[in-house]
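Q: Please see the structure below; I have some questions.
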Amino acid sequence: MILENINSPSQVKTLGEEELKILAHELREEIISVCSKNGGHIAPSLGVVELTLALLKSFDIENNDRIIWDVGHQSYSYKLLTGRKKSFSTLRQLGGISGFPSMQESKFDFFGAGHAGTSVSAALGMSLNNRDGRIIAVIGDASISNGMAFEGLNHAGALKKDIIVILNDNEMSISKNVGAISNYLNKIMSGNVYQGIRNDTEKLLKSIPLFGSQFAKIASKLEESIKNLVIPGILFEELGFTYIGPIDGHSFPHLLESLENIKNIRKPVLLHVVTQKGKGYDPSEKNPSLFHGISAFDKKTGLTLKKSGNETLGEIASNFLIKLARKDKRVIGVTAAMADGTGLTKFSKALPERFFDVGMAEEHAVTFAAGAAASGLRPFVFIYSTFIQRALDQIIHDICLQGLPVVLCLDRAGIAGEDGATHQGIFDVSFLGFIPNLVFMTPADEKELMRMLKSAVHYNKPVIIRYPKADIPYFDLPAEESIEIIEEGNFDSIHDYTENVIVSLGYPHTGIIKEILDEINHNIPFGKDRIGLINARFVSPVSKELVARLLNAKKIMTVEENVGFSGFGSKLLTLLLEEKSSLLPEYKMLSLGNNFIEHGPRKDLLEIAGFSSNEIKKSITQFFNIDIEKSKIGYSSVR
């Protein structure tokens, strides 16, 4: 075993190629073993094992060199080789190591990353204060399609800083030129001889009196024409990079030779490596999309251990959207590289001509949908809550300002779980709830989710529907015509008491609170201050009727799976203050607080945040002064 003896990245530098091959196999075995128990982004990390080893052998990250990972779920083997081998079994677990690079976790994580397209910009910024080392940005898993990546490339080429960009190409069409000829060309083009001839020739031609600069331009154009014929990297050359590739990202000889040669090129360089996503594990190679981010699975068969008979709220939304789309030819489905994660895959198969996956480009997805809406279509955009943060300007400027009927379906709202701080959807109510012209809804259950989807088409204006990462027992979807429209702003009074009131927003806690109050109110004698429950449904608009109903309450508690201070509870309090500046009721906001939430099972994180059934009950009984011993009840656990 070589891996068990690796305690620092510098030890990789001492290994020969045969030892590196053995270590690559051991790394894959460890990643597969841990991910089969914990879940994780197994396919992306399996694909970059050889690349990771080659980078650590070629560069010195214990001194001045820096490796920055884009969409950091590629970094599992890097974690194993940079001091986290003993803790790797805790990957993505509560109190364990993160599934993404984290500057707080290791000195070798030079920049945190959970969203796409950040590595080039970060690397360029680091190069401004670089101490003789090299900055290497590893961008892959289709992150190059993100607009921010090209902004970084454009600026890097202009500044001419000597950063190295590794394009890990594991599924793009530009990867087809891999082979003996391509490897030979790149050996020549990255080598000292070629680079020396190139630079010396340019100097010689420019030194010729009168016509030197013209000869240099002609030679440059000739070189460019040849490159156009044999190399798919002219775009990067035009951006100011020396392009090298594509090379086999699983070949140590090709990787090590190219990286050694690149060290001597002191200007922006882009090395294009081609890898196989899921490399080394047959189920992952055959289904890299499933193993991109997977829950616990059987290591022998590759079959997930997810409980059967359940489906996610995202899948319910997507499946019901098919029914809406078959009735309304204007309906289209849009996502940003998240068809599987958001449940939109079934829609894509049922109505492929009306499904659009724009890649890792949330800003484009939103404005693309706005353009479609402006032409008379009814786009439904399915994106994780954490990723819609990237498109705030487009939501305000391109959709809401123009009143365009785009529907944004935000999956993974609230606590998302094991993916951690970069993926928790705990800010959307805060940064979207203030926007004019926007209808912002969140359902209390799966039936209300379907009602909101149908209502969104009826409203004919910008709409957001948020819902958490949660499983629902499978059920047959009702007919589209049986689903009723919700009147805009209309709340649902579940327990109709007005002096003590809980205003709840969303699933699953609205249902949990109902079960708690069913029993508590049953045990409170008639005539006493029983507790009312309102399912708010709408973040925006908040109806005047709801505010008026609460003005005479003695105590109000709001409940939302969002950060505090700036969420729905704060908004409602502001509206109450506008109507009644004195003698306000006692007011408590039950929220997720105001800290980033790290990784762990959703159930455990909800418990810590005070959103388990027991913790919610405790908050209710304390705030409303209920004797808990007189309210022994049974109710559902956190879902």
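Q: Please count how many residues of the range 389-424 are more than 18 Å from residue 506 (Cβ to Cβ) and not in a loop (DSSP other than H, G, I, E, B).
A: The qualifying residues number 12.
Q: Here is a further query. Conditions first: (1) touching a residue at least 24 places away in the same chain (Cβ under 8 Å); (2) over 30 Å from residue 27 (Cβ atoms). Residue 293 passes all but one, so which condition is the exception?
A: Among (1) touching a residue at least 24 places away in the same chain (Cβ under 8 Å); (2) over 30 Å from residue 27 (Cβ atoms), the lone unmet condition for residue 293 is (2).
Q: What number of residues within the range 336-364 satisfy the criterion of being of a type in the set (S, T, N, Q) and under 13 Å from the mean Cα position of the chain (by Cα)?
A: Counting residues in the range 336-364 that are of a type in the set (S, T, N, Q) and under 13 Å from the mean Cα position of the chain (by Cα) gives 1.
Q: So in the range 510-530, with the set limited to residues that are modelled with pLDDT under 95 and in contact with a Phe, Trp or Tyr (Cβ under 8 Å, 6 or more places away or on another chain), which one is farthest from residue 407 (Cα to Cα)?
A: Looking at the filtered set, the residue picked out is 529.
Q: Tell me, which residue of the range 125-147 that is under 19 Å from residue 272 (Cβ atoms), at pLDDT 90 or above and not β-branched (Val, Ile, Thr) is farthest from the chain's Cα centre (by Cα)?
A: Step one: filter the range 125-147 for residues under 19 Å from residue 272 (Cβ atoms), giving 134-146.
Restricting the remaining residues to those that are at pLDDT 90 or above gives 134-139.
Subsequent filtering for residues that are not β-branched (Val, Ile, Thr) retains 134, 137.
Working: 134: 28, 137: 19 Å.
Checking each candidate, the answer is 134.
Q: Could I ask something else about it? Determine which single condition residue 262 fails, assuming it passes every other condition in (1) in contact with a Ser or Thr (Cβ under 8 Å, 6 or more places away or on another chain); (2) at positive phi.
A: So the condition that residue 262 fails would be (2).
Q: May I ask you to list the residues in the range 117-154 that are among the polar types (S, T, N, Q), in a loop (DSSP other than H, G, I, E, B) and over 26 Å from residue 366 (Cβ atoms)?
A: Once the filter is applied, which keeps residues that are among the polar types (S, T, N, Q), in a loop (DSSP other than H, G, I, E, B) and over 26 Å from residue 366 (Cβ atoms), the range 117-154 yields 129, 130.
Q: While we're looking at this one, here's another question. Could you list all residues from the range 424-434 that are touching a Leu at 6+ places or on another chain (Cβ under 9 Å) and either surrounded by fewer than 21 Cβ atoms within 10 Å (Cβ to Cβ) or not assigned by TED's automatic domain parsing to the domain that holds residue 467 (or both)?
A: Answer for the range 424-434, where residues must be touching a Leu at 6+ places or on another chain (Cβ under 9 Å) and either surrounded by fewer than 21 Cβ atoms within 10 Å (Cβ to Cβ) or not assigned by TED's automatic domain parsing to the domain that holds residue 467 (or both): just 431.
Q: Could I ask something else about it? Kindly evaluate residue 449 against the criterion of being buried (at least 22 other Cβ atoms within 10 Å of the Cβ) and either farther than 29 Å from residue 389 by Cα or modelled with pLDDT of 95 or more (or both).
A: Details: buried (at least 22 other Cβ atoms within 10 Å of the Cβ): yes; either farther than 29 Å from residue 389 by Cα or modelled with pLDDT of 95 or more (or both): yes.
When the stated conditions are applied, residue 449 passes them.
Q: Another question, then. So if I check each of 523, 552, 595, which one is outside the structural domain of residue 420 (by TED's automatic domain parsing), among the polar types (S, T, N, Q) and in contact with a helix residue (DSSP H, G or I) (Cβ under 9 Å, 6 or more places away or on another chain)? Reasoning before the result, please.
A: Details: 552 fails: in contact with a helix residue (DSSP H, G or I) (Cβ under 9 Å, 6 or more places away or on another chain); 595 fails: in contact with a helix residue (DSSP H, G or I) (Cβ under 9 Å, 6 or more places away or on another chain).
Going through 523, 552, 595 in turn, just one is outside the structural domain of residue 420 (by TED's automatic domain parsing), among the polar types (S, T, N, Q) and in contact with a helix residue (DSSP H, G or I) (Cβ under 9 Å, 6 or more places away or on another chain): 523.
Q: Continuing with the same structure: Determine whether the range 284-296 contains at least one residue that is buried (at least 24 other Cβ atoms within 10 Å of the Cβ) and either within 23 Å of residue 57 (Cβ to Cβ) or polar (S, T, N, Q) (or both).
A: yes
Q: Under the condition of being assigned to a loop (DSSP other than H, G, I, E, B), at negative phi and not charged (D, E, K, R), which residue from the range 561-583 is surrounded by the fewest Cβ atoms within 10 Å (Cβ to Cβ)?
A: My answer is 582.
Q: Here is a follow-up. Which one of 114, 96 is at pLDDT 90 or above, of a type outside the set (Phe, Trp, Tyr) and outside any helix (DSSP H, G or I)?
A: After applying the criteria, what remains is 96.
The values are calculated or read from the model by the stated rules, or taken from the named source; none is laboratory data. Computed from a predicted model, the values in this text were never measured in an experiment. When we count neighbours, we look across all protein chains shown, and the Cβ atoms used for this are built from the backbone with ideal geometry, even at glycine.
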